[in-house]
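Undergrad: If you scroll down you'll find the structure; I have some questions about it.
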Amino acid sequence: MSEVHHAITAHSKKQHALIRQFLQLDAQRERYIEEAVSLCRSGQPFTVDFINAVTKQINELAKQGIVPQRTYVTSDMVKEYVSRLTKEDSR
């Protein structure tokens, strides 16, 4: 019975660690997205490379089945989002 308890505890700890790692990566991804949006809004050059590097790490974690995948971001996606924000600001 003790072995089962230890196995369940180890499994729970592993899942908790994956979730923690996902949350950290997801927050980092959001910061990179905000940075790209800010640069785009001000007409400066921006890249989605950092966003997608973190997205790749998140999607690797997602293969283990406990955290969701994230979509890769294109420059056009950022530009479209900024365009929508600009339209909302002008209302």
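The values are calculated or read from the model by the stated rules, or taken from the named source; none is laboratory data. Being a predicted model, the structure only gives us computed values, none of them experimental. All Cβ positions, even for glycine, are placed from backbone atoms using ideal geometry, and neighbour counts span all protein chains on display.
Undergrad: Can you confirm whether region 42-60 contains a residue that is surrounded by 16 or more Cβ atoms within 10 Å (Cβ to Cβ), of a type outside the set (A, V, I, L, M, F, W, C), farther than 21 Å from residue 17 by Cβ and at pLDDT 95 or above?
TA: So far as region 42-60 goes, yes, one or more of its residues are surrounded by 16 or more Cβ atoms within 10 Å (Cβ to Cβ), of a type outside the set (A, V, I, L, M, F, W, C), farther than 21 Å from residue 17 by Cβ and at pLDDT 95 or above.
Undergrad: Can you find even one residue in region 31-42 that is more than 12 Å from residue 78 (Cβ to Cβ) and in a helix (DSSP H, G or I)? Spell out how you get there, then give the answer.
TA: So the first thing to find is which residues in region 31-42 are more than 12 Å from residue 78 (Cβ to Cβ), and the list is 31, 42.
So of that shortlist, the ones also in a helix (DSSP H, G or I) come out as 31.
Looking through region 31-42, at least one residue is more than 12 Å from residue 78 (Cβ to Cβ) and in a helix (DSSP H, G or I).
Matching residues to (1) closer than 23 Å to residue 13 by Cα; (2) touching a residue at least 24 places away in the same chain (Cβ under 8 Å); (3) in contact with a helix residue (DSSP H, G or I) (Cβ under 6 Å, 6 or more places away or on another chain):
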residue: 42; (1), (2), (3): no, no, no
residue: 46; (1), (2), (3): no, yes, yes
residue: 51; (1), (2), (3): no, no, yes
residue: 58; (1), (2), (3): yes, yes, yes
residue: 61; (1), (2), (3): yes, yes, yes
residue: 65; (1), (2), (3): yes, no, no
residue: 69; (1), (2), (3): yes, no, yes
residue: 75; (1), (2), (3): no, yes, no
residue: 83; (1), (2), (3): no, no, no
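Undergrad: So, one more: For region 10-41, what are the residues that are of a type in the set (Gly, Ala, Ser) and at pLDDT 95 or above? Step through it out loud before you land on a result.
TA: Restricting attention to region 10-41, the residues satisfying the condition of being of a type in the set (Gly, Ala, Ser) are 10, 12, 17, 27, 36, 38.
Result: 27, 36, 38.
Undergrad: Would you check which residues across region 70-91 are surrounded by fewer than 13 Cβ atoms within 10 Å (Cβ to Cβ) and among the β-branched types (Val, Ile, Thr) and list them?
TA: The answer is 71, 74, 86.
Undergrad: I'd like the full set of residues that are farther than 14 Å from residue 64 by Cβ and part of a helix (DSSP H, G or I), limited to region 1-11.
TA: Step one: filter region 1-11 for residues farther than 14 Å from residue 64 by Cβ, giving 1-10.
2, 3, 4, 5, 6, 7, 8, 9, 10, listed by residue number.
Undergrad: May I pose another question? Quick one: count up the residues across region 12-52 that are among the basic types (Lys, Arg) and more than 23 Å from residue 68 (Cα to Cα).
TA: Kept after step one, since they are among the basic types (Lys, Arg), are these residues of region 12-52: 13-14, 20, 29, 31, 41.
Cutting the leftovers down to more than 23 Å from residue 68 (Cα to Cα) gives us 41.
Qualifying residue count for the region: 1.
Undergrad: From (1) part of a helix (DSSP H, G or I); (2) at pLDDT below 95; (3) aliphatic (A, V, I, L, M), pick out the condition that doesn't hold for residue 66.
TA: Going through the list (1) part of a helix (DSSP H, G or I); (2) at pLDDT below 95; (3) aliphatic (A, V, I, L, M), residue 66 breaks only (1).
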